[in-house]
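Following: one structure in structure tokens, then a few remarks.
The values are calculated or read from the model by the stated rules, or taken from the named source; none is laboratory data. The shown structure was predicted, so the numbers you read here are calculated from the model rather than taken from an experiment. With ideal geometry, Cβ positions are generated from the backbone for all residues, glycine too; neighbour counts draw on all protein chains shown. What goes into the accessible areas is simple: the full protein's heavy atoms, side chains included, and nothing from ligands, DNA or RNA. Shrake-Rupley method; radii C 1.70, N 1.55, O 1.52, S 1.80 Å.
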Amino acid sequence: MASKSAVSSASLLDELQTVLAHGTVARRVETLRRVTDLFLNNAVDYSDEQITVFDDVFNCLIRHIETSAKALLARRLAPVAKAPPQIIHALAFDDLIEIAAPVLSLSERLGDDALVENARSKSQAHLLAISTRKVLSGAVTDILVERGNDEVVKSTVNNPGAEFSEQGFTRLVARAEADDDIAICVGKRRPSIPRHHYLKLIAKASASVKARLAAANPDRVNDVSVAVSEVARRARSAPAAISEDTTIAHGLVRSLYEDGRLDEKEVASFAKAGKFDETNAAIACLAKVSVAVAEKMMIESKTEGLLILAKVSGLSWLTVKTIINMRKDLTDIEVTDINATEQTYERLRPSTAQQVLRFHRTQQAADAG
């Protein structure tokens, strides 16, 4: 005796053939509901071949049906790991966000390629839906940060399952320069942010905060300046700002210095490898300043701070140029005229560099007090 489900399936297939041939929109919607029920009731047991058949059926049925029916289908299929992939892709790329959002935010059937393609071409609402996924790779977040509006960027940053590439962090810090809310989100929600990006974030955010507060309170410009300096000082010394990797890097360089094995060759090697923490700590040792002083001077958008440290450390221009290239790769700080910078460095006297460095030490001591 045939099972009830088998009879039901056979009956539904007969109906499906009729509906696809000359059924009304209402008949299509009802049949879509029944086909969806049939799929969901046994989704885990279907073979890839059977899922492909359902895929074809779904794609035929959704033609010429109302938005609410498509949106319902999207909501029902989105959480299903073995949902038919073609219909999921079609729903994800629908221009109407009420249809696309459920699968963009939930469906495991959408791989990075599809998500990147979607994020590159669809609306901000589509990007926002993608930003809420449980897991986001660096390839996807790169596009969300590049194309997304402020809401999309904040949603992505606040997503604990989102990963960011080096390029992604660079773009985030650039976005934070013009938006204090984004700066706060990045600083609080992304403890894994590389230190060189964190320092640039603090430096840029401090300038932005100072400008906005000064504009809002013109009678208290001096108070604002003091407050901003205190915020920046605390942020740089906060435990979250110094990762275990950074501490290890500083310890390694200090050990080399105390053993008499830290020289210009080591500095150049660190810089060529893009190791900001090691390069910074090495220059701090050679210039006989604290790591904090060196960090502040190294991360400045202008190059004067780096030139001062390098001259005091006795570094050649070739090594200085290597460090400049490292900064450009890591923090997107670019020297507009490298030849003029070289001439400036060659003219700079060690005695003058020492005087400027003493000023920086004094300034840090004042901030710490």
Checking Leu32 against (1) open to solvent by less than 80 Å² (accessible area, probe 1.4 Å); (2) modelled with pLDDT of 90 or more; (3) in a helix (DSSP H, G or I), which single condition isn't satisfied?
(2)
Residues that are more than 21 Å from Lys82 (Cβ to Cβ), buried (at least 20 other Cβ atoms within 10 Å of the Cβ) and basic (Lys, Arg): does region 109-125 have at least one?
yes
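Yes/no matrix, rows are residues, columns are (1) over 20 Å from Leu110 (Cβ atoms); (2) among the aliphatic types (A, V, I, L, M):
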residue	(1), (2)
Ser131	no, no
Glu146	no, no
Asn149	yes, no
Asn158	yes, no
Phe169	yes, no
Val173	yes, yes
Ala176	yes, yes
Cys185	yes, no
Boolean, Arg76 is assigned to a helix (DSSP H, G or I) and either free of Cβ contacts under 8 Å to residues at least 24 places away in the same chain or at negative phi (or both):
yes
Any residue that is polar (S, T, N, Q), at pLDDT below 80 and over 26 Å from the mean Cα position of the chain (by Cα) - is there at least one of those in region 305-316?
no
Restricted to region 183-202, and to residues that are of a type in the set (Lys, Arg) and within 22 Å of Thr279 (Cα to Cα), which residue is modelled with the highest pLDDT?
Arg195
Where in region 277-354 are there helices (runs of 4 or more DSSP H), lying fully within it, with 1 or more residues that are farther than 27 Å from Gly251 by Cβ?
304-313, 317-331, 338-347
Listed by first then second residue, the pairs whose first member lies in region 277-298 and is surrounded by fewer than 24 Cβ atoms within 10 Å (Cβ to Cβ), whose partner is acidic (Asp, Glu), with beta carbons under 8 Å and at least 6 positions apart or on separate chains, are Asp277/Asp245
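Table: residues versus (1) open to solvent by less than 80 Å² (accessible area, probe 1.4 Å); (2) of a type in the set (Lys, Arg); (3) modelled with pLDDT of 85 or more; (4) farther than 15 Å from Pro84 by Cβ.
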{"position": "Ala6", "(1), (2), (3), (4)": "yes, no, no, yes"}
{"position": "Asp14", "(1), (2), (3), (4)": "no, no, no, yes"}
{"position": "Val19", "(1), (2), (3), (4)": "yes, no, no, yes"}
{"position": "Arg27", "(1), (2), (3), (4)": "no, yes, no, yes"}
{"position": "Leu40", "(1), (2), (3), (4)": "yes, no, yes, no"}
{"position": "Ser47", "(1), (2), (3), (4)": "yes, no, yes, no"}
{"position": "Arg63", "(1), (2), (3), (4)": "no, yes, no, yes"}
{"position": "Glu66", "(1), (2), (3), (4)": "no, no, yes, yes"}
Return yes when Leu348 is open to solvent by 30 Å² or more (accessible area, probe 1.4 Å) and modelled with pLDDT of 90 or more and no when it is not.
yes
Checklist (1) at pLDDT below 90; (2) open to solvent by less than 80 Å² (accessible area, probe 1.4 Å) applied to Gly369, failing item
(2)
What residue, of Ser165, Ser131, is in contact with a Gly (Cβ under 8 Å, 6 or more places away or on another chain) and buried (at least 21 other Cβ atoms within 10 Å of the Cβ)?
Ser131
